[in-house]
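Shown next, in structure tokens, is the structure this report addresses.
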Amino acid sequence: MDPSFFSSKSFLIFVACSLLMVPVLVYVFRTDSKYVEVCDENNGECYSASIPYRDSKLSVEERLDDLMGRMTIAEKIGQMALIEKNSIKDPDDIAKYGLGALVSGGGGKPADNSPAGWLGMVNDFQSYSQKTRLGIPLFYGIDANHGHGNVIGATIFPHSIGLGASGDPDLVREVAKATAEEVANTGINWIYSPDMDVALDMRWGRVYETFGSDPEVAGVLGAAYIEGTQSFDLGGQKVAAAAKHYVGNGSTKWGSAMSKDYFIDQGDSDISEEEMRRIHIAPFQKAVDVGVKSVMVGLNRWNGEKVSADKHLITDILKEEMGFQGFVVSDWYGVYDKESDRYDATVRAINAGVDIAMLPYNYKYFSDSMHKALANGDISQARVDDAVRRILKAKFEIGLFDENTADVYDLEVVGCEPHRELARKAVRQSLVLLKNNGTVPISKNTPKIFVSGSAADNIGKQSGGWTVEWQGVDGNWLPGTTILQGIKNAASPASKVEYNLSGDFDSLEGLADIGIAVVGEEPYAEGWGDNPNPILSAEDLESIANLKKHSKKIVVIIISGRPLDIKPYAKDWDAIIAAWLPGSEGQGVADVLFGDYAFMGTLPVEWEL
Ligand code: BGC
């Protein structure tokens, strides 16, 4: 027996109960063991018996039945709460409230934003879950929608819009699996990807998080992403995917957002059910078919009603008709957002079919209102049991209750060379040649090349939103290769490459054989990127104009999360490339630009020139 048992709480309770002659049946001495000491109240003899829910040889159903039978109402309610990690003021609350899940939102990083810092933080939170009576492990969720993007040093893959341009499910599967490997090795077991929204309005700030405008592509690539994520296995521990945002975000109307800062994100759509099913629900069927563990419901509304409180969409269609066996999570503050009566909002969302509420702040309030709702009969015990069963089923299925046989986290995989090579390949496959009058590919022996533009030498900009910070970052302090560096690496040593941000090459003699402008959008995320008129900035247009004065021909490479209106200028440019938000591996742009690989991408959204 573990010697620490004699100073443990279990031992003190055991002694106290024995002295009081209270019949003592079962004590869990160690929550991480498959065995429990059972003491006979008549003769005081203790022996070791197995705890079914901890026994990996039993089926998930058997383990679930056993665990559910042991849980109190409070423990069940705790499993239904998803808390933003900075809102945990006292980590003992994880045990006190039996909390089931924590989230790091965009930029929700540890003080030490390194792979080791993340692993330490997540494992520390996890250790509090092991102090509970039943030792139910936490889900720790994060947005890893273009690699493990919050972590400094991670591989930053192209955003989904670029993967959509590649149209290649095998590539997407590989990218997702590599991402899951980086995520799992920092102790995290749940990611909020893939985004299976269908982007129809290019003014929306989340276009780049999607695979594009085609529901079929969203479904096929989303399903591949889920397969890749959920197939990674670290000593028996896996990563759960979350298909999001169920459903209809791509059709919200301009001006319908209820947030004063947004125009369209989190807005309302008034489409018919037929259209909702055909365009927006259809991709999610493919997610269900490949066994996605969770689905996140969006912050949007449909015909004025919040989707997160819509029983028809969540329970009738997703769970019953489509056969979704996983659990439903609401989006950030989605249950309470714009609600005056938070008790009523909780009741509506849970009864609609939300299983885990991304509160994400006030778990005490949630716990109180759930207890009240059960006591009042506003939420049934059966609904809570169904939610908790779904959550725990996923926890069992991804191995959270079982020993990690790898028993070691390999922090070296975060940002490792093979993943960077894969990201570079993904960049190559995502590039779309929008226009070419015979200018690209560029010869590596081109004598003189001038490069300009705000996105030429900026890893932050080429990575876009959801990179270290929610709204992305600026500059070259993340590991990776800028597009400028990629161009320099690809051109032959005899070729002279000159760079000037604003295209001011007045001090240099003669014209460049080729001018390459790398221009585009500043990073943004969600509603902050809603934009009535996505265009190039005046500075970028000026830098292109300057470059043109100094070059025989110009190639314009656009770094953006969506099509930009370049109609007034496109005729003046010799070649135009849509590079989307390629991420950390800018070399992939140069690989194609200089002809080592062909252009393969096709437009995932409409782009008029
Ligand atoms: C976004 C989700 C994201 C969640 C957690 C929300 O603001 O809408 O896509 O998964 O935050 O970061």
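The values are calculated or read from the model by the stated rules, or taken from the named source; none is laboratory data. Here the structure is a predicted model, which is why all the values come from computation and not from measurement. Neighbour counts run over all protein chains shown; Cβ positions are idealised from the backbone, glycine included.
Which of the residues that make up region 415-434 are touching a helix residue (DSSP H, G or I) at 6+ places or on another chain (Cβ under 6 Å) and over 12 Å from SER584 (Cβ atoms)?
ARG428, GLN429, SER430, LEU431, VAL432
Which of the following residues is over 14 Å from the mean Cα position of the chain (by Cα) and not charged (D, E, K, R): ALA180, ALA184, ALA223?
Exactly one of ALA180, ALA184, ALA223 is over 14 Å from the mean Cα position of the chain (by Cα) and not charged (D, E, K, R), namely ALA223.
Is one or more of the residues making up region 548-564 part of a helix (DSSP H, G or I), of a type outside the set (A, V, I, L, M) and either on the phi < 0 side of the Ramachandran plot or in contact (Cβ under 8 Å) with a residue 40 or more places away in the chain (or both)?
Yes, region 548-564 has at least one match.
Determine if region 288-305 includes at least one residue that is assigned to a strand (DSSP E or B), within 15 Å of the ligand (Cβ to nearest atom) and closer than 25 Å to PRO532 by Cα.
The answer is yes; a qualifying residue exists.
Which of the residues spanning region 242-258 are away from the ligand (no atom under 16 Å from the Cβ), more than 14 Å from ARG277 (Cα to Cα) and of a type in the set (S, T, N, Q)?
Matches in region 242-258: SER256 only.
Within region 119-155, how many residues turn out to be over 20 Å from LYS96 (Cβ atoms), away from the ligand (no atom under 15 Å from the Cβ) and among the hydrophobic types (A, V, I, L, M, F, W, C)?
3
Only one of GLY527, GLY510, GLY515 is within 16 Å of the ligand (Cβ to nearest atom), touching a residue at least 40 places away in the same chain (Cβ under 8 Å) and over 17 Å from ILE459 (Cα atoms). Can you tell me which?
The match here is GLY527.
Okay, residues lined up against (1) in a loop (DSSP other than H, G, I, E, B); (2) surrounded by fewer than 20 Cβ atoms within 10 Å (Cβ to Cβ):
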{"site": "SER454", "(1), (2)": "yes, no"}
{"site": "ASP457", "(1), (2)": "yes, no"}
{"site": "GLN462", "(1), (2)": "no, no"}
{"site": "GLN471", "(1), (2)": "yes, yes"}
{"site": "ASP474", "(1), (2)": "yes, yes"}
{"site": "PRO479", "(1), (2)": "yes, yes"}
{"site": "LEU484", "(1), (2)": "no, no"}
{"site": "ILE487", "(1), (2)": "no, no"}
{"site": "PRO493", "(1), (2)": "yes, yes"}
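Looking at TYR246, TYR225 in this structure, which one is closer than 30 Å to TYR409 by Cα, modelled with pLDDT of 95 or more and in contact with a strand residue (DSSP E or B) (Cβ under 8 Å, 6 or more places away or on another chain)?
Just one listed residue meets the conditions, TYR225.
Just need a number here: residues in region 45-91 that are among the small types (Gly, Ala, Ser), modelled with pLDDT of 95 or more and surrounded by fewer than 19 Cβ atoms within 10 Å (Cβ to Cβ).
Residues flagged as among the small types (Gly, Ala, Ser), modelled with pLDDT of 95 or more and surrounded by fewer than 19 Cβ atoms within 10 Å (Cβ to Cβ) within region 45-91 amount to 4.
Out of the residues in region 207-221 meeting the condition of being away from the ligand (no atom under 16 Å from the Cβ) and in a helix (DSSP H, G or I), tell me which one is surrounded by the most Cβ atoms within 10 Å (Cβ to Cβ).
That would be LEU221.
Report yes if some residue within region 304-311 is basic (Lys, Arg), touching a residue at least 24 places away in the same chain (Cβ under 8 Å) and in the same structural domain as GLY326 (by TED's automatic domain parsing); otherwise report no.
There is at least one residue in region 304-311 that is basic (Lys, Arg), touching a residue at least 24 places away in the same chain (Cβ under 8 Å) and in the same structural domain as GLY326 (by TED's automatic domain parsing).
If you scan region 589-603, which residues turn out to be surrounded by 24 or more Cβ atoms within 10 Å (Cβ to Cβ) and in a loop (DSSP other than H, G, I, E, B)?
GLY601
Just give me the residues in region 337-354 being more than 13 Å from GLY298 (Cα to Cα) and within 16 Å of the ligand (Cβ to nearest atom), in sequence order.
Matches in region 337-354: LYS338 only.
With (1) away from the ligand (no atom under 15 Å from the Cβ); (2) in contact with a Gly (Cβ under 7 Å, 6 or more places away or on another chain) as the list, and PHE232 as the residue in question, which single condition is left unmet?
In the conditions (1) away from the ligand (no atom under 15 Å from the Cβ); (2) in contact with a Gly (Cβ under 7 Å, 6 or more places away or on another chain), PHE232 misses (2) alone.
Please identify the pairs in which a residue from region 219-230 that is charged (D, E, K, R) has its Cβ atom under 7 Å from the Cβ atom of a residue that is at pLDDT 95 or above and assigned to a helix (DSSP H, G or I), counting only partners at least 6 apart or on another chain.
Note: pairs meeting the criteria are GLU227/ARG173.
Among the residues of region 318-334, how many are at negative phi, in a loop (DSSP other than H, G, I, E, B) and either away from the ligand (no atom under 13 Å from the Cβ) or outside the structural domain of LYS286 (by TED's automatic domain parsing) (or both)?
4
Any idea how many residues of region 92-112 are farther than 22 Å from TYR336 by Cα, crowded, with 16+ Cβ neighbours inside 10 Å and away from the ligand (no atom under 16 Å from the Cβ)?
Residues in region 92-112 being farther than 22 Å from TYR336 by Cα, crowded, with 16+ Cβ neighbours inside 10 Å and away from the ligand (no atom under 16 Å from the Cβ): 2 in total.
What are the pairs, 6+ residues apart or on separate chains, where a residue within region 362-388 that is under 21 Å from ILE94 (Cα atoms) has its Cβ under 8 Å from a residue that is buried (at least 17 other Cβ atoms within 10 Å of the Cβ) and polar (S, T, N, Q)?
PHE366/THR346; SER369/THR346; MET370/THR346; ALA387/GLN79; VAL388/GLN79
Restricting the first residue to region 456-470 and requiring it to be touching a residue at least 40 places away in the same chain (Cβ under 8 Å) and on the phi < 0 side of the Ramachandran plot, which pairs with a second residue that is among the polar types (S, T, N, Q) and within 14 Å of the ligand (Cβ to nearest atom) meet a Cβ separation below 7 Å and a spacing of at least six or different chains?
These pairs meet every condition: GLY460/THR467; GLY465/GLN471.
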